[in-house]
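One structure below.
The values are calculated or read from the model by the stated rules, or taken from the named source; none is laboratory data. All values derive from a computational prediction rather than experimental measurement. Don't worry about glycine lacking a Cβ; one is built from the backbone with ideal geometry, like all the others, and counts go over all protein chains shown. Quick note on the areas: whole protein, heavy atoms, side chains included, nothing else; ligands and nucleic acids left out. Shrake-Rupley method; radii C 1.70, N 1.55, O 1.52, S 1.80 Å.
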Amino acid sequence: MNDSTTRDAHPGKNGTYRFAAMIIKPLVTLMFGKKWRGMENIPSDGGIIVAANHASLLDPLTAAHFLYNANRPPRILAKASLWRVPFVGWVLRRTQMIPVLRGSAEASQSLEIAKERLDAGFCIAVFPEGTLTRDPEGWPMQARTGVARLALASQRPVIPLAQWGVTDVLPRGGKFPKLFPRQTVQLRAGKPVDLSDLYDRPTDSHTLREATDRIMRAITEMIAEMRGEQPPAGFYNPRTHAREEQ
(Lines give C-alpha, C1' and ligand atoms only; values in the text may rest on other atoms or scores of the structure.)
Protein backbone atom coordinates (compact mmCIF):
# COMPACT_ATOMS: atom_id res chain seq x y z
CA MET A 1 0.00 0.00 0.00
CA ASN A 2 3.05 2.20 -0.19
CA ASP A 3 2.18 5.15 -2.41
CA SER A 4 3.55 8.58 -3.16
CA THR A 5 1.69 11.63 -1.94
CA THR A 6 3.92 14.08 -3.77
CA ARG A 7 3.18 13.06 -7.35
CA ASP A 8 0.45 15.28 -8.80
CA ALA A 9 0.13 17.02 -5.41
CA HIS A 10 -2.38 19.39 -7.00
CA PRO A 11 -5.38 17.24 -7.99
CA GLY A 12 -5.93 19.18 -11.21
CA LYS A 13 -2.54 18.04 -12.52
CA ASN A 14 -3.42 14.34 -12.56
CA GLY A 15 -3.78 13.47 -16.22
CA THR A 16 -5.31 10.05 -15.60
CA TYR A 17 -8.00 11.61 -13.42
CA ARG A 18 -8.89 14.08 -16.17
CA PHE A 19 -8.94 11.27 -18.74
CA ALA A 20 -11.26 9.15 -16.56
CA ALA A 21 -13.52 12.16 -15.98
CA MET A 22 -13.78 12.76 -19.74
CA ILE A 23 -15.17 9.23 -20.13
CA ILE A 24 -17.28 8.88 -16.98
CA LYS A 25 -18.94 12.30 -16.76
CA PRO A 26 -20.83 12.03 -20.09
CA LEU A 27 -21.95 8.48 -19.24
CA VAL A 28 -23.25 9.53 -15.83
CA THR A 29 -25.00 12.54 -17.37
CA LEU A 30 -26.79 10.25 -19.82
CA MET A 31 -27.95 7.92 -17.06
CA PHE A 32 -29.92 10.43 -14.96
CA GLY A 33 -30.79 14.03 -14.30
CA LYS A 34 -28.95 15.92 -11.57
CA LYS A 35 -30.10 18.19 -8.78
CA TRP A 36 -26.96 19.35 -7.01
CA ARG A 37 -26.74 21.83 -4.18
CA GLY A 38 -24.25 23.06 -1.61
CA MET A 39 -21.06 23.29 -3.65
CA GLU A 40 -20.41 26.61 -1.93
CA ASN A 41 -19.88 24.64 1.29
CA ILE A 42 -16.84 22.85 -0.16
CA PRO A 43 -13.58 24.72 0.58
CA SER A 44 -11.71 25.62 -2.60
CA ASP A 45 -8.32 24.51 -1.28
CA GLY A 46 -6.63 22.69 1.57
CA GLY A 47 -7.18 19.18 2.83
CA ILE A 48 -10.83 18.27 3.40
CA ILE A 49 -12.78 15.12 4.25
CA VAL A 50 -16.06 14.50 2.44
CA ALA A 51 -18.29 11.91 4.12
CA ALA A 52 -21.17 10.48 2.07
CA ASN A 53 -23.94 7.94 2.61
CA HIS A 54 -23.84 4.67 0.68
CA ALA A 55 -26.99 3.11 -0.77
CA SER A 56 -26.00 2.11 -4.32
CA LEU A 57 -22.92 0.84 -6.14
CA LEU A 58 -23.15 4.01 -8.22
CA ASP A 59 -22.49 6.24 -5.20
CA PRO A 60 -18.72 6.56 -5.74
CA LEU A 61 -19.30 7.74 -9.31
CA THR A 62 -21.98 10.27 -8.40
CA ALA A 63 -19.98 11.61 -5.45
CA ALA A 64 -16.80 11.85 -7.54
CA HIS A 65 -18.71 13.61 -10.34
CA PHE A 66 -20.17 16.14 -7.88
CA LEU A 67 -16.79 16.86 -6.28
CA TYR A 68 -14.97 17.00 -9.62
CA ASN A 69 -17.44 19.64 -10.79
CA ALA A 70 -16.79 21.50 -7.53
CA ASN A 71 -13.09 21.55 -8.54
CA ARG A 72 -12.17 19.15 -5.70
CA PRO A 73 -11.53 15.79 -7.37
CA PRO A 74 -11.61 13.29 -4.51
CA ARG A 75 -9.31 10.48 -3.51
CA ILE A 76 -11.74 7.82 -2.35
CA LEU A 77 -11.14 5.15 0.29
CA ALA A 78 -12.39 1.92 -1.31
CA LYS A 79 -12.09 -1.81 -0.71
CA ALA A 80 -8.70 -3.16 -1.74
CA SER A 81 -10.17 -5.97 -3.88
CA LEU A 82 -11.01 -3.41 -6.58
CA TRP A 83 -7.29 -2.92 -7.19
CA ARG A 84 -7.17 -6.49 -8.56
CA VAL A 85 -9.80 -5.81 -11.24
CA PRO A 86 -8.20 -5.39 -14.70
CA PHE A 87 -8.07 -1.79 -15.90
CA VAL A 88 -10.10 -0.61 -12.88
CA GLY A 89 -7.11 -1.28 -10.63
CA TRP A 90 -4.83 0.59 -13.02
CA VAL A 91 -7.11 3.63 -12.97
CA LEU A 92 -7.39 3.52 -9.17
CA ARG A 93 -3.62 3.42 -8.79
CA ARG A 94 -3.00 6.18 -11.31
CA THR A 95 -5.61 8.45 -9.76
CA GLN A 96 -4.22 7.78 -6.27
CA MET A 97 -7.34 6.31 -4.73
CA ILE A 98 -6.77 4.68 -1.35
CA PRO A 99 -7.23 0.90 -0.84
CA VAL A 100 -8.73 -0.31 2.42
CA LEU A 101 -7.75 -3.81 3.58
CA ARG A 102 -10.73 -4.59 5.76
CA GLY A 103 -10.28 -6.89 8.72
CA SER A 104 -6.49 -7.03 8.41
CA ALA A 105 -3.55 -5.77 10.42
CA GLU A 106 -2.82 -3.34 7.59
CA ALA A 107 -6.26 -1.70 7.65
CA SER A 108 -4.97 1.30 9.63
CA GLN A 109 -2.48 2.07 6.85
CA SER A 110 -5.28 3.40 4.68
CA LEU A 111 -6.02 6.08 7.29
CA GLU A 112 -2.33 6.95 7.51
CA ILE A 113 -2.19 7.39 3.74
CA ALA A 114 -5.40 9.43 3.81
CA LYS A 115 -3.97 11.73 6.49
CA GLU A 116 -0.80 12.24 4.42
CA ARG A 117 -2.97 13.17 1.44
CA LEU A 118 -4.96 15.59 3.59
CA ASP A 119 -1.74 17.25 4.74
CA ALA A 120 -0.80 17.60 1.06
CA GLY A 121 -4.08 19.42 0.33
CA PHE A 122 -6.17 16.64 -1.16
CA CYS A 123 -9.91 16.08 -0.90
CA ILE A 124 -10.50 12.68 0.69
CA ALA A 125 -13.90 11.03 0.20
CA VAL A 126 -15.16 8.43 2.66
CA PHE A 127 -18.27 6.26 2.84
CA PRO A 128 -18.37 5.80 6.63
CA GLU A 129 -20.92 2.97 6.56
CA GLY A 130 -18.26 0.82 4.88
CA THR A 131 -20.80 -0.94 2.67
CA LEU A 132 -24.28 -0.42 1.27
CA THR A 133 -26.76 0.54 3.96
CA ARG A 134 -28.70 -2.32 5.47
CA ASP A 135 -31.39 -0.01 6.83
CA PRO A 136 -34.75 -1.46 5.66
CA GLU A 137 -36.00 2.02 4.73
CA GLY A 138 -32.82 3.14 2.99
CA TRP A 139 -31.63 5.61 5.64
CA PRO A 140 -27.93 5.79 6.52
CA MET A 141 -27.11 3.06 9.00
CA GLN A 142 -24.75 3.11 11.97
CA ALA A 143 -21.32 3.87 10.53
CA ARG A 144 -17.86 2.62 11.31
CA THR A 145 -15.55 4.98 13.21
CA GLY A 146 -12.73 5.24 10.66
CA VAL A 147 -13.97 8.62 9.46
CA ALA A 148 -13.86 9.89 13.06
CA ARG A 149 -10.31 8.64 13.54
CA LEU A 150 -9.24 10.45 10.38
CA ALA A 151 -11.12 13.64 11.26
CA LEU A 152 -9.82 13.87 14.82
CA ALA A 153 -6.25 12.97 13.87
CA SER A 154 -6.08 15.49 11.01
CA GLN A 155 -8.44 18.16 12.42
CA ARG A 156 -9.46 18.91 8.84
CA PRO A 157 -12.96 20.08 7.84
CA VAL A 158 -15.52 17.29 7.43
CA ILE A 159 -18.11 18.05 4.74
CA PRO A 160 -21.27 15.89 4.86
CA LEU A 161 -22.50 14.84 1.42
CA ALA A 162 -26.04 13.48 1.11
CA GLN A 163 -27.13 11.42 -1.91
CA TRP A 164 -30.69 10.45 -2.70
CA GLY A 165 -32.32 8.84 -5.74
CA VAL A 166 -29.31 6.80 -6.84
CA THR A 167 -31.11 3.55 -5.92
CA ASP A 168 -33.82 4.46 -8.42
CA VAL A 169 -31.13 4.15 -11.10
CA LEU A 170 -29.24 1.17 -9.66
CA PRO A 171 -30.96 -0.49 -6.70
CA ARG A 172 -29.22 -2.74 -4.23
CA GLY A 173 -28.52 -6.05 -5.94
CA GLY A 174 -29.06 -4.57 -9.40
CA LYS A 175 -26.54 -5.35 -12.13
CA PHE A 176 -27.61 -2.83 -14.76
CA PRO A 177 -28.82 0.78 -14.36
CA LYS A 178 -32.42 1.65 -15.12
CA LEU A 179 -32.30 4.35 -17.77
CA PHE A 180 -36.07 4.68 -18.34
CA PRO A 181 -38.00 6.46 -17.09
CA ARG A 182 -35.24 8.99 -16.54
CA GLN A 183 -34.59 9.60 -12.84
CA THR A 184 -33.18 12.60 -10.99
CA VAL A 185 -30.37 12.07 -8.50
CA GLN A 186 -29.96 14.62 -5.72
CA LEU A 187 -26.67 15.47 -4.07
CA ARG A 188 -26.17 18.12 -1.43
CA ALA A 189 -23.05 19.17 0.44
CA GLY A 190 -23.62 20.62 3.89
CA LYS A 191 -21.60 22.94 6.07
CA PRO A 192 -18.60 21.40 7.88
CA VAL A 193 -19.52 19.28 10.89
CA ASP A 194 -18.21 20.89 14.08
CA LEU A 195 -15.99 18.42 15.91
CA SER A 196 -13.69 20.98 17.53
CA ASP A 197 -14.87 20.20 21.07
CA LEU A 198 -13.66 16.62 20.60
CA TYR A 199 -10.10 17.40 19.51
CA ASP A 200 -8.66 17.45 23.05
CA ARG A 201 -10.55 14.41 24.30
CA PRO A 202 -8.98 10.94 24.50
CA THR A 203 -9.54 9.10 21.24
CA ASP A 204 -11.56 6.34 22.86
CA SER A 205 -14.62 4.45 21.63
CA HIS A 206 -17.02 6.99 23.16
CA THR A 207 -15.36 9.96 21.44
CA LEU A 208 -15.10 8.13 18.12
CA ARG A 209 -18.78 7.14 18.25
CA GLU A 210 -19.84 10.69 19.11
CA ALA A 211 -17.87 12.15 16.19
CA THR A 212 -19.10 9.49 13.77
CA ASP A 213 -22.73 9.93 14.76
CA ARG A 214 -22.52 13.71 14.39
CA ILE A 215 -21.29 13.28 10.83
CA MET A 216 -23.97 10.73 9.97
CA ARG A 217 -26.72 12.82 11.57
CA ALA A 218 -25.74 15.77 9.37
CA ILE A 219 -26.04 13.54 6.30
CA THR A 220 -29.33 12.03 7.50
CA GLU A 221 -30.91 15.44 8.10
CA MET A 222 -30.20 16.48 4.50
CA ILE A 223 -31.57 13.20 3.18
CA ALA A 224 -34.72 13.73 5.25
CA GLU A 225 -35.21 17.07 3.52
CA MET A 226 -34.73 15.45 0.12
CA ARG A 227 -37.21 12.69 0.99
CA GLY A 228 -39.68 15.07 2.62
CA GLU A 229 -39.83 12.75 5.61
CA GLN A 230 -38.97 12.82 9.29
CA PRO A 231 -35.68 10.98 9.90
CA PRO A 232 -35.62 8.04 12.32
CA ALA A 233 -34.60 8.67 15.92
CA GLY A 234 -31.60 6.35 15.75
CA PHE A 235 -29.36 4.48 13.34
CA TYR A 236 -30.01 0.93 12.21
CA ASN A 237 -27.29 -1.35 13.59
CA PRO A 238 -26.44 -4.07 11.04
CA ARG A 239 -24.93 -6.25 13.77
CA THR A 240 -28.05 -6.35 15.93
CA HIS A 241 -30.54 -5.86 13.06
CA ALA A 242 -32.30 -3.21 15.12
CA ARG A 243 -32.56 0.57 15.24
CA GLU A 244 -30.73 1.96 18.23
CA GLU A 245 -32.33 5.00 19.86
CA GLN A 246 -30.06 7.96 20.51
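Summing charges over neighbours of residue 236, with a neighbour being any other residue whose Cβ is under 12 Å away from its Cβ, gives -2 when K and R count +1 and D and E count -1.
Leaving ligands and nucleic acids out of the surface, order 59, 119 by accessible area at 1.4 Å, largest first. All intermediate terms of the calculation are to be shown ahead of the outcome.
Working: 59 0, 119 85 Å².
Of 59, 119, the descending order of accessible area is 119, 59.
Between the range 179-246 and the range 112-143, what is the separation of their alpha carbon centroids in Å? Each part's Cα centre sits 11 Å from the other's. Only helical runs count toward this figure. For the chain, summing -39,500 (n - 2.57) over DSSP H runs of n ≥ 4 and dividing by all residues gives -10500 deg cm²/dmol at 222 nm. Taking only the alpha carbons of the range 114-246, we obtain Rg and Dmax values of 15.8, 51 Å in that order.
For residue 87, the accessible surface of its heavy atoms amounts to roughly 130 Å² (probe 1.4 Å, protein chains only, rounded to the nearest 10).
Residues in the range 24-33 carry Karplus couplings, in order, of 6, 4, x, 5, 5, 4, 5, 6, 7, x Hz; the curve used is 6.51 cos²θ - 1.76 cosθ + 1.60 with θ = phi - 60°, and Gly or Pro positions show x.
Evaluating kT/(6 pi eta Rh) at 4 °C and 1.567 mPa s, with the Kirkwood radius of the range 178-246 over Cα pairs in the Stokes-Einstein relation, gives 89 µm² s⁻¹.
Computed over the alpha-carbon pairs of the chain, the distance histogram in 10 Å steps reads 7, 32, 40, 19, 2, 0 percent, short to long.
If you take all C-alpha pairs in the range 28-158, what percent of them are over 23 Å apart? Please list the in-between numbers first.
Details: 2742 of 8515 pairs.
Looking at the range 28-158, the distances longer than 23 Å represent 32 percent of pairs.
I'm a student and want to see the number: the projected area of the Cα convex hull of the range 140-214, averaged over all directions, in nm². Don't jump to the answer; show the numbers that get you there.
Details: hull surface 24.8 nm².
The number I arrive at for the range 140-214 is 6.2 nm².
Please report, to one decimal in angstroms, the Kirkwood hydrodynamic radius of the range 85-145 built from all distinct Cα-Cα pairs. Don't skip to the answer; put the middle values down first.
Details: mean 1/r = 0.0739 Å⁻¹.
It works out to 13.5 Å.
Remind me, what semi-axes does the range 13-78 give for its equivalent ellipsoid, largest first in whole Å, using sqrt of 5 times each Cα gyration tensor eigenvalue? Could the numbers behind the result be given before it?
Working: eigenvalues 63, 49, 32 Å².
Value: 18, 16, 13 Å, ordered largest first.
Solvent-accessible surface of protein heavy atoms, probed at 1.4 angstrom with all chains present, puts 200, 168 in the order 200, 168, largest first.
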